[in-house]
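One structure below.
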Amino acid sequence: MEVSYNNLWKKLIDKGINKSDLRKLTGIGTNTLAKLSKNQFVSMEVLMKLCEKLDCDISDICHFVKEEET
């Protein structure tokens, strides 16, 4: 199973926030932002910070994608 943060990027566009602003707003590091950009797993603490600062629920910023069986 993989994670997708596409909802996060859509939310930032809707709110007029760029990635640099998000970093400053939440206090996350550049490595964490890079992980988010690459749809890699981040800690629950990071997800909680994002939700708190963006005033949303976790399902508003990420979702899981099932891998197709081959």
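Any read-out appearing in this document is the output of simple, stated calculations on the displayed coordinates, not a laboratory observation. All of these numbers come straight from a predicted model, not from anything done at the bench. Positions of Cβ are generated from backbone atoms using ideal geometry, with glycine treated the same way; all protein chains shown enter the neighbour counts.
222 nm [θ] for the chain, helices only, -39500 (n - 2.57) per DSSP H run of 4+, per residue, to 500?
-15000 deg cm²/dmol
Which residues make up the longest stretch of the chain clear of trypsin sites (Lys or Arg not before Pro) that lie in a DSSP loop with no more than 13 other Cβ atoms within 10 Å, not counting the sites?
After excluding every exposed loop site, the longest remaining stretch is 1-37.
Per residue, how big is the convex hull around the C-alpha atoms of the chain? Give it to me in cubic angstrom, could you?
Dividing the Cα hull volume of the chain by its residue count gives 85 Å³.
Between Lys10 and Lys66, what is 0.36 nm times their sequence separation minus the Cα-Cα distance? Round to one decimal in nm.
18.1 nm
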